[in-house]
Each structure stands twice: as structure tokens, then as C-alpha cells.
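To start, the structure under review is shown below, and the notes come after it.
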Amino acid sequence: MEKRDLESILDEARRFAPPDHFRKSAHISSMEAYLARYSKSIQDPEEFWGSVAEELHWFKKWDQVLNEEDAPFFKWYQNGRTNISYNCLDRHLGTAVRNKAAIIWEGEPGDQRVLTYWDLAREVNRFANALRNLGVKRGDRVAIYLAMVPELIISVLACARIGAVHTVIFAGFSADSIRDRVLDCQARLIITSNGGWRRGNVLPLKKIVDEAIAQCDCVKDVVVIKRGHGETFPCHIREGRDHWYHQITDGVPNTCSPEEMDSEDMLFLLYTSGTTGNPKGIIHTTGGYMVYAYLTTKYVFDLKPEDKFWCTADIGWITGHSYVVYGPLANGATCFMYEGTPNWPDNARFWDMVERHGITVFYTAPTAIRTFMKWGDEWPNKHDLSSLRLLGTVGEPINPEAWLWYHRVIGKEKCPVVDTWWQTETGGIMITPLPGCTETKPGSVTFPFYGVDATILNEQNEETNAGLLAIRKPWPGMLRGIYGDPERYKETYWSKWPDVYFPGDGAKRDKDGYFWILGRVDDVVNVSGHRIGTAELESVFVEHEAVVESAVIGVKHEIKGQGLIAFVSLRDKDKPGEALEKELADWVAKKIGKFAVPERIIFSADLPKTRSGKIMRRLLRDVAEGRALGNVTTLADASVVEALKAKYEEE
């Protein structure tokens, strides 16, 4: 049976123009300027992306900006040679940036470090030499399992400097998850630390690594960074295999010649969950990724030399790769980096650090924003946030009400909000406001970035106002494949329509041409003949003053095809009960229609989320349909889904 197009149920009319004070000094200060440059980037992408690449350093210039002969295995800056570590460090050392702070770091207990670009270059060079001394060669895979400490950035840049392929594994994944990734890419060395801090607890990172690699013969060496005192983070050092970071870098030269990498040489692997349950090793290469991370950082965040940029993402995710490490450092920016959680020792920790360090650009996830809302306005209101000039959001679609709270309470209604859409596979931001020129609508990612030919298609490859997000042209930051499985790459991303990239998200475009992301296509529900994205349904709940977060799933229904179950989290001051459940049901009926009223509303203090903050709706469907729970290893807190299951069965 032919699938109907998606329906849109929300119509957001509120608009926010860039503040005059921001527009006056912005890199892109008018829609006319954006549209002219965007048109050029689509009509002549080779000329556009060639001119951008000229702003960076190349040991040898490319022969061709874009080679499409072997599509979808596109090649960018073919035969060009460069090094991204050189562009993040050496390129700045002959300028005033040399003595500027590259990293301002704060540990969860409050310890602090500042590394200038000169300091960071010396640290990276020493560790790069130490890795070479251990026998790491160009093309070798190196796994990194560290908390958010400066040595994580140093490790990433040291690998890039010598041409080793890094794969960063979030320091919260289990030993099984580490083992799967190490074996898939055959990593020959792992970088970890004796431990780390998270919410006042010790993370025994080295112990987890030891368990993970017990049967990984490919691993020849383990480098251990010393965090804290030995009695706080004790760990076993295996003679001959394990090496203390501080010992192998002691006395090593401060200079290290960078490898001249081909533009299409692999830079890093980043694993993302696959629908088959097997992690996918997403391949990103050197030249195109470097250019794209550089330009998106410069324009989306309107970076200025005096900015202190804080992207709260862990470097174990793509957001951390592109907007904690490579993009900001390629632009010569000052990056703030924090080890711990936002509620240690209390719920004001983030805002305390914004005030003390004078953060100007703040980029975080919708799930974090909804959590801040739940905690209450009093926590940010305790601190002076006047240094902030730009706010950003990344991850799941943001509910309009969460956007408005962020704009009002954190930005004090003077900071533009850039709500960005992209994914691990795209390498960088794809659809986004430009803060000096785009009139924003709460919840909309607005318009495509330069060079991104985005549209919305139906199953028949026809343009529609609500359907499947599609990208019709290659872009420099795009993935180059799935490690070891080129057929899976073609099948997953390029098989839905001829020569069109399918990211797997539903989307709509309103009468003004604004893009709205409706969530994963897997999360579309079909209720009484209406095909609706769950993101819009969830936003309706969050519009209610008592609700800060919701997850809506579809379950089998004899009459409707699918019925809805809503899992709802309330603000701390609101209490669940039958009266509120009826009030919410009436609210949905009024806002959408009676067909969208859930069969059940389940109140929950928290929702099951991955460690990157995405709600695991798959597990909620398992709970609602009485199935055995699927894989829970990627959850931030596995007890949340167990508690929900028990409550659901009890009710």
C-alpha cells in the first residue's frame, strides 16, 4: 500500500529577528548576503569550496575540488595534501593567536588548567613523538577512552599529526562496547587514564579498558594518563604493555614533523548505533572534513577573536569532534572544556562556570535544556550570565517552549539562538540559522548552510511540504563510508532515491521555506490514518506549563491502527495524578484533535536516554508492548527503563 505523506500538526508563528547590536558586527549580517552566497555555493560548489579551502594550509594544492566519478564514494580536494593538526596549531603560531588560550579546562572537583596555542602545540608534538616511539604508524588505528580532560584533545591532535586514525569512545561505555569497537577497527593502541570524576564518583577507566581488551590481540600498547592521586584512582600497570603518559613524554622533543596527509586519507572513525545492533564505524577523511568543520564553526557561531566558546558535548560524540576540537581550533578560538556533570555539586554548576569564565558562546543539547527547565529558573538566576552573546542547540529537535525558555532565562532575550540539524554522518552542521541575519522561529532549524542542497521528498521521489529529509548534492564534511562495509554504506544512505542522500529523518517546510525536523522516520506514528512525527506530538505536551519532557510512541490498536502512549516528565514543582492526566488529555485534544489523545499517559521522573541525551523510544515501545527489553548498554542510566517497566505493568 502506498504510504501517505507526513502531516504537520504545529504552526509556530512567533519570530525573533537578530538583535541590532549583534547584526551590526556579524560575519553575515543580511539575508541578501546569505542568499547570494548560498546560491553561489549550490550553483558552483567547486569554486565556492575551493575558495574556502584557500583559507587553510595545504602542503600541496588539490587537482580537483570534487570528483563524483565513483559516487556515492565522492572525493573532495583530490590529491591535495594537508594536516589538520597543523591547521589547528602551527598555522596560528606565527600570529598573535600563539599566546592566546586554546583550552580553558575545569575538572569536576574544581581544578583548572589553561593551555595557550603555544602550550598545546608543544604537548601535542611531544605526545606525537611518543606515539611514534611506541611504533604507531600512519594508518594505524588508535582508540581513545578518556574523560573530558585536556589530554583528550592532545591525544586526538597527536594522532592526526602522525596520520594515525583515532576512534574516540565515550568514557561511560561498557567494556563490551569498547571491545566491539576495538575489534572492528583492529586498534593497535589504546589511550586511557587511571580514572576520572563524574557526579562525585570515580570512573575506573583503566580497569574497564583492561576488561575490554582481555581478548583483543590487536592491542599492543596502552597509554595511561594520570588523573588525580594514585590512592584516588588506583590501577594496574601491566609490564611491557602499559605505559604512563607522563613517563613516555618526559624528555621527548617539543617538535614533531606532521605527516602530509592526502585529503582522502582517513582522519577518524566514530561508531554509531546501527539498526542491526552492530555499531557502524563512520569514516571521516582529512581535507573535506577539515574545511567543513572550519567554515561551519566560523559562520554558525559567528566566532570573534575575543570569544570563549563552550560546546558542552563530550568528544566521544561527533559534536565534540567538530565543535570542541577541530572547528574551533582551526579558527584560532578559545575553547572551554569541563570534565563533569551540570548538577555537581548543585544544579547551578554550568551557570557558575559561565559567570566565572566569561563564556560568550554556549552550545548544548535540547535534553539538557529541558532538564534545566525542570530544575527551575532559580538556578541560572543566581548567576550573572551577561557575558553570553550567542546560544546554540544540537541533538534532537527542540520543543518551541524549551527554545523560548532558553532564549528568555539563559539568553535574557538578547542572544540569538542557533538551532542546528546535523548528524555523525554529515561531519558538521547542515541546516541552521546564521545568527546575524536569520529571523528565527522557535523549534525550526530554518535554512540550509552553504553548499547543502536540502529538500523534502516522499517515497516516490517527489518534493512535498512534509515527508523525508533529503540532501541532493555532496558536501565536504560528508562521511566516506562505513568501515569494512561499503555495501552497507550504499544501502543505508543512498538506496532510497537515485543519487540522493537519505539521513533517516522526517521533516516539513512551512510557507516561508523554514525547515522543521520531525524526528527519525522510525518514530512516525499512524493514528486513524494520520501519519504524524512524534517530535510534534511531544512538543504539544511540553507547551503545557507542567511538562518539561515527553516521549510519545505508537502501539498496536485494533481500530485506529496505532494508538499513542505518552511518557511525561514534570517540573519539580508539579505532581502527577488523575486530574493532571485528564488536563493533559484535554490539552492534546484542543491543540491537535481528539484522534491524537493518548490511550495512556505515564508520568515518569526521567526518561531512558542514551549517554548523548537522546530518548530511547525503542525501549519505551518494548515496555509498552510487553517485550523483553532490548540492548540497554548505551543508556546513561539503565535503572530508569526498569523502573518505568515496573510502573507500567503495575498500572
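Screening the range 1-45 for residues that are hydrophobic (A, V, I, L, M, F, W, C), in contact with a Lys or Arg (Cβ under 9 Å, 6 or more places away or on another chain) and at pLDDT 95 or above and picking the one that is surrounded by the fewest Cβ atoms within 10 Å (Cβ to Cβ) gives Ala17.
A residue that is surrounded by 13 or more Cβ atoms within 10 Å (Cβ to Cβ), under 30 Å from Arg241 (Cβ atoms) and among the acidic types (Asp, Glu) cannot be found anywhere in the range 85-95.
I want to confirm something. Restricting to the range 399-417 and keeping residues that are part of a helix (DSSP H, G or I) and in contact with a Gly (Cβ under 7 Å, 6 or more places away or on another chain), which single residue is surrounded by the fewest Cβ atoms within 10 Å (Cβ to Cβ)?
Taking the candidates together, the pick is Pro400.
Residues of the range 250-308 that are at pLDDT 95 or above, surrounded by fewer than 19 Cβ atoms within 10 Å (Cβ to Cβ) and not charged (D, E, K, R): Gly251, Val252, Pro253, Asn254, Thr255, Ser257, Pro305. Considering the range 541-572, the residues that are of a type in the set (D, E, K, R), at pLDDT 85 or above and touching a strand residue (DSSP E or B) at 6+ places or on another chain (Cβ under 8 Å) include one that is surrounded by the most Cβ atoms within 10 Å (Cβ to Cβ), namely Glu549. If you check Thr312, Thr319 for being closer than 16 Å to Ile359 by Cβ and either outside the structural domain of Ile191 (by TED's automatic domain parsing) or at pLDDT 95 or above (or both), only one passes: Thr312. Kindly indicate the residue of the range 90-135 that is among the hydroxyl-bearing types (Ser, Thr, Tyr) and within 28 Å of the chain's Cα centre (by Cα) and also nearest to Asn331 (Cα to Cα) among those meeting that condition. This residue is Tyr117. Determine whether the range 288-295 contains at least one residue that is in the same structural domain as Val136 (by TED's automatic domain parsing), closer than 30 Å to Ala214 by Cβ and in contact (Cβ under 8 Å) with a residue 60 or more places away in the chain. So far as the range 288-295 goes, no, none of its residues is in the same structural domain as Val136 (by TED's automatic domain parsing), closer than 30 Å to Ala214 by Cβ and in contact (Cβ under 8 Å) with a residue 60 or more places away in the chain. Taking the range 83-200 and the strands (runs of 3 or more DSSP E) fully enclosed by it, the elements with 3 or more residues that are of a type in the set (Val, Ile, Thr) are at 165-168, 189-193.
Results for (1) assigned to a loop (DSSP other than H, G, I, E, B); (2) farther than 19 Å from Lys414 by Cα, shown as yes or no for each residue.
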residue	(1), (2)
Met353	no, yes
Arg356	no, yes
Phe362	no, no
Ala368	no, yes
Thr371	no, yes
Lys374	no, yes
Leu385	yes, no
Gly392	no, no
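Those residues that are hydroxyl-bearing (Ser, Thr, Tyr) and more than 17 Å from Thr272 (Cα to Cα), I need them from the range 171-201; list them, please. If the condition is that a residue be hydroxyl-bearing (Ser, Thr, Tyr) and more than 17 Å from Thr272 (Cα to Cα), then Thr192, Ser193 are the ones that fit.
Each residue in the range 305-332 was checked for being assigned to a loop (DSSP other than H, G, I, E, B) and under 22 Å from Trp49 (Cα atoms), and 2 pass.
The values are calculated or read from the model by the stated rules, or taken from the named source; none is laboratory data. Not measured: the values here are computed from a predicted model. A quick note on method: Cβ atoms are made from the backbone with ideal geometry, for glycine too, and the neighbour counts reach across all protein chains shown.
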